[in-house]
1. Share of the chain's accessible area from carbon and sulfur, percent, 1.4 Å?
2. What does the net charge come to around A40 if you take all other residues with beta carbon closer than 15 Å to its beta carbon, with K and R at +1 and D and E at -1?
3. What does the charge count around W31 come to, taking other residues whose C-beta lies under 12 Å from its C-beta (Lys +1, Arg +1, Asp -1, Glu -1)?
4. To one decimal place, what orientation-averaged projected area in nm² is obtained for the convex hull of the Cα set of the chain?
Amino acid sequence: MSRWHFWVSRLASLSGSQFAWQAVAAYTYLWQFTGYQIGATIGFRALGVNYSSSASPDAVGINETLHGPIIGASFRF
């Protein structure tokens, strides 16, 4: 089994006046420790949202894209 894993994930959602998406690219390193598998992950994530409360000209809405680094850990037993 390889210890290094590169993975990419994407998601998009559309519902009425709402649209959201995300994209993730990350590396994970796995190792065994006394019968348990431990993983450490580092990567980059982008998340976008486009929302409007109604179609009228005075509607309240948001259109943002957030992005930045991610870190994580996993434990399998």
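1. Exposed carbon and sulfur together represent 63 percent of the surface.
2. Local net charge: +2.
3. On the way: positive: R3, R76; negative: none.
My count for the surroundings of W31 gives +2.
4. Values: hull surface 26.4 nm².
So the mean shadow area of the Cα hull is 6.6 nm².
The values are calculated or read from the model by the stated rules, or taken from the named source; none is laboratory data. Only a predicted model underlies this, so the values are computations on that prediction, with no experimental measurement involved. Every residue, glycine as well, gets a Cβ built from its backbone with ideal geometry; the counts of neighbours run over all protein chains shown. These area figures cover heavy atoms from the full protein model, side chains too; ligands, DNA and RNA do not enter into them. Shrake-Rupley method; radii C 1.70, N 1.55, O 1.52, S 1.80 Å.
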